[in-house]
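Structure first, commentary second.
The values are calculated or read from the model by the stated rules, or taken from the named source; none is laboratory data. This structure is a prediction, so every number in the text was calculated from the model and none was measured. Heads up, the Cβs are rebuilt from the backbone with ideal geometry, glycines too, and the neighbour counts pull from every protein chain shown. Ligands, DNA and RNA are excluded from the accessible area calculation, which covers all protein heavy atoms including side chains. Shrake-Rupley method; radii C 1.70, N 1.55, O 1.52, S 1.80 Å.
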Amino acid sequence: MDIQAIRADFPILNQQVNGHPLVYLDNAATSQKPKAVIDTLVDYYNNYNSNVHRGVHTLGTVATNRYEEAREKIRHFIHAKSTKEIIYTRGTTDSLNMIAYSYGRARLGQGDEIVISPMEHHANLIPWQQVAQATGATLKYFPMQPDGTLDLDDVQKTITDRTKIVSCTHVSNVLGTVNPVKAIAKIAHDKGAIMVVDGAQSTPHQPIDVQDLDCDFFAFSSHKMIGPTGIGVLYGKEALLEAMEPMETGGEMIDEVGLFHATWADLPWKLEAGTPHIAGAIGLGAAIDYLSAIGMEAIHEQEKKLSDAAYKMLSEIKGVTVYGPAARAGLVSFNIDGIHPHDVSTALDMEGIAVRAGHHCAQPLMKQLACESTVRASFYFYNSMEEIEYLANGIKHAKEFFGHVF
Amino acid sequence: MSFNNLDQLYRSVIMDHYKSPRNHGTLDDPESVTVSMNNPSCGDKIHVSLKIEDGKIAAVKYEGSGCAISQSSASMMTEAIKGLSVEQAHELIYDFSELVQGREHEDDLDLGDAEALQGVAQYPARIKCATLPWKALEKGLREAIEEQKEKP
């Protein structure tokens, strides 16, 4: 992979921050955008901005075609059976809330169980807390191994005949753990439960095949995969989506409307009320084109190299604790003894290195790791090995500075 | 390696308060009130206990967990406000908030060591760290006054 050529496609990467070249290692929060995606947004607003599925005029037709072409690109990208199974949402949070609200609240009751993992992002945690409170269902957690992985025997024991929904993140945004969601889906199905997968941290970084995973719902966001913010996807098996009542109603999603009753449009539009983020959807299509041209396998390989190197380099620095398993996706969460993550982050920022410090929207997991927060460096295919070395040196400098003033 | 930029933020007096916190702990006086505040974006926590007597802050302590900026700010705050009237404390809270946002502030009020936090103005992402304990104090003062009003 020619990293320098790829980096040239991302205008934002070519800048100085605090007198140093920008080293952007906050990709798990959001990724940067290549010129091809930015140009797609500009092209839409400059040349064919129109509402979709409404007018019969020429621009409206162009916009509608591009909007629906993007849906087909997404379908192909995650290997869904049909574009009816690809619902545009505002992002992963919106997708998961839609499942919790339209599927969970409608079908769960007293005695039913929802099972999630202890490493969920708040987006795949709070909606289920809400469903449990509203329906009287019980929220349960898989136990977690000390290295931050799930054990399939534990999974088997936790899911019971009463379990109706299992929801689990594909890749942990804090630990980088890659969860065996295909195996968990099999166990869930054997007990008659449905399987929801939070794919926010996996879809940008590895090939996804929802039919192979055999999950019932799969959620992800555009902005973490070099696409625009404000757009994401809910994948669902057609029969399940068909049976779901819309969470939002209004324009775009109707078939016929009378004074007191209305009927819904077909899938996928039934679940897409109101004027959608048209530019965003088309931009996500452009992002998928870009990623596919490089190849998701190649992207995954590149990130694995970066992640392995970072894990090794950081683990070797005295006083640095790295969280999570050795086999991990492209991110490293760590702490330096005696220095708060915020202070580490400020020190790194002074060298142009952007990392995330905090609880990463996973407060229950932080409690389990017995820390309040961590520093997280997260990688993408446009990061270079030099940047990982730069990070390791930045950490050494921070240690030196705070060691000196303490 | 030059640490000039970091030195501007993490002055030695700040690191001294972080390392050796003043007025650390909780007041167990039944007349005192304790309030907690956290920064939901990073998880920093501050608990401030204070006791008002004759309209003045007679005692104040803090506990918490978080970065060098939030914890040292709390320590310096407890030193600066002890003995002040409630009204003076409110003025100082406002003054401190202006200081760390890089705005004009009254020079006749004495922020003590907390003046050293003015470098935070150059780090907008860290202003909330510095102001967290002061916001907790503001809440504590209100609660203490409410409680006194409710007493017969």
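Per-structure values
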| quantity | calculated |
| --- | --- |
| Residue in region A:107-116 that is closer than 18 Å to residue A:216 by Cβ, surrounded by fewer than 16 Cβ atoms within 10 Å (Cβ to Cβ) and either touching a residue at least 24 places away in the same chain (Cβ under 8 Å) or in the same structural domain as residue A:240 (by TED's automatic domain parsing) (or both) present | no |
| Pair list, Cβ under 6 Å, 6 or more apart: region A:337-357 residue without any contact (Cβ under 8 Å) to a residue 12 or more places away in the chain and more than 8 Å from chain B (Cβ to nearest Cβ), other residue open to solvent by 10 Å² or more (accessible area, probe 1.4 Å) and not in a strand (DSSP E or B) | none |
| Listing of helices (runs of 4 or more DSSP H) fully contained in region A:4-106 that carry 3 or more residues being surrounded by fewer than 17 Cβ atoms within 10 Å (Cβ to Cβ) and β-branched (Val, Ile, Thr) | A:58-78 |
| Inter-residue pairs, beta-carbon under 7 Å, first surrounded by 15 or more Cβ atoms within 10 Å (Cβ to Cβ) and in region A:295-308, second of a type in the set (Lys, Arg), 6+ apart | A:307/A:328 |
| Number of positions in region A:365-389 that are crowded, with 20+ Cβ neighbours inside 10 Å and more than 11 Å from every other protein chain (Cβ to nearest Cβ) | 13 |
| Subset tally (residues that are within 11 Å of the chain's Cα centre (by Cα) and either open to solvent by less than 70 Å² (accessible area, probe 1.4 Å) or free of Cβ contacts under 8 Å to residues at least 24 places away in the same chain (or both)) for region B:74-93 | 10 |
| Any hit, region A:309-323, residues being free of Cβ contacts under 8 Å to residues at least 12 places away in the same chain, among the hydroxyl-bearing types (Ser, Thr, Tyr) and within 12 Å of chain B (Cβ to nearest Cβ) | no |
| Residue B:44 vs. criteria within 25 Å of residue A:338 (Cβ to Cβ) and modelled with pLDDT under 90 | yes |
| Number of the condition not met by residue A:393 [criteria: (1) at pLDDT 95 or above; (2) open to solvent by less than 10 Å² (accessible area, probe 1.4 Å)] | (2) |
| Test: residue in region A:304-323 that is among the charged types (D, E, K, R) and more than 30 Å from residue A:403 (Cα to Cα) | yes |
| Residue under evaluation residue B:52, criteria (1) more than 9 Å from every other protein chain (Cβ to nearest Cβ); (2) farther than 29 Å from residue A:361 by Cα; (3) surrounded by fewer than 19 Cβ atoms within 10 Å (Cβ to Cβ), criterion not met | (3) |
| Residue selected from region B:56-70 under the condition touching an Asp or Glu at 6+ places or on another chain (Cβ under 8 Å) and not β-branched (Val, Ile, Thr), by the criterion farthest from the other protein chains (Cβ to nearest Cβ) | B:59 |
| Some residue of region A:313-334 being touching a Cys at 6+ places or on another chain (Cβ under 6 Å) and under 27 Å from residue B:19 (Cα atoms) | no |
| Matching residues in region B:122-147 - criterion: being within 14 Å of chain A (Cβ to nearest Cβ) and surrounded by fewer than 20 Cβ atoms within 10 Å (Cβ to Cβ) | B:122, B:123, B:124, B:125, B:127, B:128 |
| Any hit, region A:272-279, residues being in contact (Cβ under 8 Å) with a residue 24 or more places away in the chain, crowded, with 20+ Cβ neighbours inside 10 Å, away from chain B (no Cβ under 14 Å) and acidic (Asp, Glu) | yes |
| Residue match in region A:326-346 (condition: open to solvent by 30 Å² or more (accessible area, probe 1.4 Å) and aliphatic (A, V, I, L, M)) | yes |
| Near pairs, Cβ below 6 angstrom, 6+ apart or cross-chain, from region A:4-20 (within 14 Å of another protein chain (Cβ to nearest Cβ)) to any residue that is open to solvent by 50 Å² or more (accessible area, probe 1.4 Å) | none |
| Test result for residue A:312, open to solvent by 60 Å² or more (accessible area, probe 1.4 Å) and touching an Asp or Glu at 6+ places or on another chain (Cβ under 9 Å) | no |
| Of all residues making up region B:1-35, the number that are assigned to a strand (DSSP E or B) and open to solvent by 60 Å² or more (accessible area, probe 1.4 Å) | 2 |
| Number of the exception - residue A:319 against (1) among the small types (Gly, Ala, Ser); (2) buried (at least 16 other Cβ atoms within 10 Å of the Cβ); (3) in contact with a strand residue (DSSP E or B) (Cβ under 8 Å, 6 or more places away or on another chain) | (2) |
| Of all residues in region B:36-49 being open to solvent by 30 Å² or more (accessible area, probe 1.4 Å) and within 17 Å of the chain's Cα centre (by Cα), the one that is nearest to the other protein chains (Cβ to nearest Cβ) | B:45 |
| Filter result for residue A:292 (surrounded by fewer than 21 Cβ atoms within 10 Å (Cβ to Cβ), at pLDDT 95 or above and of a type in the set (S, T, N, Q)) | yes |
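Per-residue answers, yes or no, for (1) in the same structural domain as residue A:100 (by TED's automatic domain parsing); (2) surrounded by fewer than 21 Cβ atoms within 10 Å (Cβ to Cβ); (3) not in a loop (DSSP other than H, G, I, E, B):
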position	(1), (2), (3)
A:134	yes, yes, yes
A:140	yes, yes, yes
A:144	yes, yes, no
A:150	yes, no, no
